[in-house]
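Report on one structure; see the data block that follows.
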Amino acid sequence: MRYVAMAASVMLAAMPAYHHDGGFILTVSLLAAVAMLSGIVMRSLMAAAGGGALALFAYTAALWWSAAAPGLLEPILFVFALMAVIDAADLGRSLGGAEAAVVVLRLFRRRWLVSALLGAGAVVALAGLIALAAPGAPPVMRPVLAGIGGFLALAAALILLRKSG
Amino acid sequence: MTPRPTPLALVLAALAAFALMLAVMFDRVEPVLIAVPLIVMLMRGLAPMPAARVTLGHMISSERAIEGDLVTIMVTVTAETAIPAIEILYRLPPSVALAAGSNRVVLGLAAGETVTGSFELRCLARGHVRLGEFHLRLWHPSRLKRAEVRHEHPIRLSIYPSAAPIRLLPRPLRTRATFGNHVSPQLGQGIEPGDIRPYGAGDLLKQINWRASLRLGRLYVTEFHEERNADVVILLDTTADIGATPESSLDHCVKAAAALAMAYLRHRDRVGLIAYGGNVQWIRPGTGRRQVEMLLEALLPTSMAGNYSFQGLDFLPPKVLPAGALIIALSPLVDQRFTRILTNLGERGFDVVLLALSPLSLMRRFLAASPLQALAARIWTLERRTLLEELRQRGLAAAELTPGEPLDAALAALARRRSRRVAR
C-alpha cells in the first residue's frame, strides 16, 4: 500500500507539469513530491499534507496559466491520489508501532474507499449542477466559496493552534 | 469518553479550505471538485462514535523477579459490544522494558468476543513496579475522531537486585558464641587444628597428637578452633546517588549489599542492615530465610535521602549494632557525613570494612570529554585516594569497588590487607 501511495505522490507532482512546464510550477511540483514521499516514508501526516497542498497549488496554478478547459476526470484522479498519500502517511503515523489486526486495517481501508467513492459521486453531481446552470454559475458561487474556505481555514488554524499550545 | 478530532480530520479540513481558496484565487472550478470529496469525508466523521464496553484483565507470570529476568504479561480483552477498532496500550514503567511481543495493539472485536495476547518484559531496575495501567483509544471507523480512556488494574511486581555469588568474604575479627562457619580464635570443638597442649584428665583419646607425644616423650592433645558465626552489619550510604538508574552508584551499592548479605546468611551469620542518609533506617541482625526476605524488601526501595541533617550512630541500640560486629560499609564516599560516621565507628572499636564505589566512570557518562574534565577527574581521583589512605591509617580496611567489575575483585584486595589482622 505504501508503494501505491508513493506512485500516487509522483503522479500528483507530475499532473501540474502536464499542463504547464514553467520553472516555477516544476519547482513547486518537485518540492511537493519530496514532501509527500518524506511524509509516507517518515510517517509524517503534516509533511504529506503539506506536499499535497503544494501539489494542489501547483496544479491550480498550472491550469490557470495554461487556461485549459475545465475537466472532470483529472480532479477525481487528483483527489484519489491525494487520499492515497494522506491515508498512507496517517495510517503509518497513528498505528505505527502497534500490532494492528488485519480486520481493523481492512475496515479503515473500506471506509476510506467508500468515502472516496461518495466524494467522487458528489463531484460528478456538482459538475452536473454547474453544467446545468452554466455559464453563469461559477462566478455567482465565488463569494459563497470564499466564505466557506475562509471559515474552514480559520477554524483549522485555531484548532491546530490550540492543540499545539 | 469524549471524542476528539484526529490530526487527519484537521488535515482534511485544512486541505478542503485551501482548495476552495485556490478556486477563488485562480477562478478555476477544479479545486472545488477536489474539495468536495474531502468535505464528504469530513461529513462521514460526524456520525456518532460506536458504543464500546470492554472488560480488561491481565496476569503476570511471576510477581517477584530479579534484575534481568523476563516476566510474561497476559492480557485478556472481552468486548461486551461490537467494537470496530480499539487501540490498547499497556503502559510500561521505566523499570521494565519490552523484550518480546507488543504492548500496543489495535483490535476489531465482535460482541462477546474475547481476545488474549501476551508479551514479555525484561526487568531492568530494582524496586516495586506498579503494572496494570491500560490506555484505551476507541477509533471512529472514519479515523476522523477518537476517544481515549484510562483503566487501572494494578498489580505489583517486585524486582530484586541481582546478587552475584561471592567467594572471598571478609572474615570477621570477632565471632559470636553460637556455632557457625567461621573459624574462631577460641579453642574448643572444631575441625581446624589450633594448638597442642599436655594431656589432662577428661581429654578424649582421639584428641591425642601421637606425633608430638612421641617426639616430646609425654602425651599431648590437639586443640581445635571452634567454628562460630558472626554478626555482620551492612552499612549502606544513601546520602548520594551518582548516575542514572539502573547503573547509578546507589544501584551498584545495593547490588553489592544484597550479594554480601546473601553470602553471609548462607554462612549462617546474623546479618543486619543500616541505611544511612543523614537519618538512619535499620534492620536488626538476624539469620534464616525470614531475614533474607526482610533484607531484600528493605533494599528494594532504597533511594537517595535528600536531607542535610546529621545523625550519628551512637544512639543505635546494641541489638542493631552489636559489639564486635563486622561492619561492611558501601559508599561512593561523596558525602563527608558518611566519612565521619566511618571514623566514629572505627574509633569505637568496631571492625569496619569499607568498599568505596568509584563514581568516576558513572560521572564520565554524563560529561563531555575535554581536557578540563580530565583534569578534574584526575584531581578527584587523587582526593579519593588520599581519603582512603587516611581511613586506612585510622584502622579501617578499605578497598575500591569499580562499577562493572566483579565484587570478588575488590574483596580479594581487601582480603590481602586483612589477612594479617584476622586471628586464627
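The values are calculated or read from the model by the stated rules, or taken from the named source; none is laboratory data. Small disclaimer: the values here were computed from a predicted structure and weren't measured. A quick note on method: Cβ atoms are made from the backbone with ideal geometry, for glycine too, and the neighbour counts reach across all protein chains shown.
Do the conditions hold for B:Met49, that is, is it of a type outside the set (Gly, Ala, Ser), under 23 Å from A:Arg106 (Cα atoms) and free of Cβ contacts under 8 Å to residues at least 12 places away in the same chain?
No.
From B:Pro301, B:Pro318, which residue is over 14 Å from B:Leu235 (Cβ atoms) and without any contact (Cβ under 8 Å) to a residue 12 or more places away in the chain?
B:Pro318
Go through (1) over 20 Å from B:Ala257 (Cα atoms); (2) touching a residue at least 40 places away in the same chain (Cβ under 8 Å) for B:Ser309 and report which single condition fails.
Here B:Ser309 meets the rest and fails (2).
Which numbered condition trips up B:Ile66, out of (1) over 23 Å from B:Ser102 (Cβ atoms); (2) in contact with a Phe, Trp or Tyr (Cβ under 9 Å, 6 or more places away or on another chain); (3) without any contact (Cβ under 8 Å) to a residue 60 or more places away in the chain?
It fails just one condition, (3).
Please list, ordered by first then second residue, the pairs with beta carbon atoms under 7 Å, 6 or more apart or interchain, first in segment B:336-352 and among the aromatic types (Phe, Trp, Tyr), second part of a loop (DSSP other than H, G, I, E, B).
Here the result reads B:Phe338/B:Thr239; B:Phe350/B:Ala325, each pair linking segment B:336-352 to a residue that is part of a loop (DSSP other than H, G, I, E, B).
If B:Arg146 satisfies every condition in (1) within 14 Å of another protein chain (Cβ to nearest Cβ); (2) on the phi < 0 side of the Ramachandran plot; (3) outside any strand (DSSP E or B) but one, which is the exception?
(3)
Test of understanding: among B:Asp241, B:Asp269, which residue is at negative phi, surrounded by 24 or more Cβ atoms within 10 Å (Cβ to Cβ), in contact (Cβ under 8 Å) with a residue 60 or more places away in the chain and not aliphatic (A, V, I, L, M)?
B:Asp269
If you go through segment B:109-126 one residue at a time, do you hit one that is in contact with a His (Cβ under 7 Å, 6 or more places away or on another chain) and either assigned to a strand (DSSP E or B) or at pLDDT below 90 (or both)?
Within segment B:109-126 (the criterion being in contact with a His (Cβ under 7 Å, 6 or more places away or on another chain) and either assigned to a strand (DSSP E or B) or at pLDDT below 90 (or both)), the answer is no, since none of the residues qualifies.
Quick check on this structure: which one of A:Val85, A:Val41 is more than 10 Å from every other protein chain (Cβ to nearest Cβ), among the aliphatic types (A, V, I, L, M), out of contact with any Phe, Trp or Tyr (no Cβ under 7 Å at 6 or more places or on another chain) and surrounded by fewer than 23 Cβ atoms within 10 Å (Cβ to Cβ)?
One residue alone meets the criteria, A:Val41.
Residues being small (Gly, Ala, Ser), under 30 Å from B:His128 (Cα atoms) and within 14 Å of chain A (Cβ to nearest Cβ): count how many of those fall in segment B:76-97.
Residues that pass the stated criteria total 0.
Which ones in segment B:125-141 are crowded, with 18+ Cβ neighbours inside 10 Å, more than 24 Å from A:Leu91 (Cα to Cα) and not basic (Lys, Arg)?
Within segment B:125-141, B:Ala125, B:Gly127, B:Val129, B:Leu131, B:Gly132 meet the criteria.
The rows are residues; the columns are (1) under 21 Å from the mean Cα position of the chain (by Cα); (2) modelled with pLDDT of 70 or more; (3) not β-branched (Val, Ile, Thr).
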{"site": "A:Leu73", "(1), (2), (3)": "yes, yes, yes"}
{"site": "A:Leu91", "(1), (2), (3)": "yes, yes, yes"}
{"site": "A:Arg106", "(1), (2), (3)": "no, yes, yes"}
{"site": "A:Arg109", "(1), (2), (3)": "yes, yes, yes"}
{"site": "A:Val124", "(1), (2), (3)": "yes, no, no"}
{"site": "A:Ile130", "(1), (2), (3)": "no, no, no"}
{"site": "A:Pro135", "(1), (2), (3)": "no, no, yes"}
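Just to check your reading of the model, which residue among B:Val54, B:Val36 is of a type in the set (Val, Ile, Thr), out of contact with any strand residue (DSSP E or B) (no Cβ under 6 Å at 6 or more places or on another chain) and modelled with pLDDT under 90?
Going through B:Val54, B:Val36 in turn, just one is of a type in the set (Val, Ile, Thr), out of contact with any strand residue (DSSP E or B) (no Cβ under 6 Å at 6 or more places or on another chain) and modelled with pLDDT under 90: B:Val36.
What are the residues in segment A:49-71 that are facing chain B (nearest Cβ under 8 Å) and surrounded by 18 or more Cβ atoms within 10 Å (Cβ to Cβ), if any?
If the condition is that a residue be facing chain B (nearest Cβ under 8 Å) and surrounded by 18 or more Cβ atoms within 10 Å (Cβ to Cβ), then A:Ala49, A:Gly52, A:Ala53, A:Leu56, A:Phe57, A:Tyr59, A:Thr60, A:Ala61, A:Leu63 are the ones that fit.
Of all residues being closer than 20 Å to A:Leu12 by Cα and in contact (Cβ under 8 Å) with a residue 40 or more places away in the chain in segment B:1-40, which is farthest from the other protein chains (Cβ to nearest Cβ)? Just the residue, please.
B:Leu12
If you go through segment B:161-209, how many residues are among the small types (Gly, Ala, Ser) and closer than 30 Å to B:Arg122 by Cβ?
Number of matching residues: 3.
When only residues in segment B:152-172 that are out of contact with any Gly (no Cβ under 7 Å at 6 or more places or on another chain) and either at pLDDT below 80 or part of a strand (DSSP E or B) (or both) count, which is surrounded by the most Cβ atoms within 10 Å (Cβ to Cβ)?
B:Leu157
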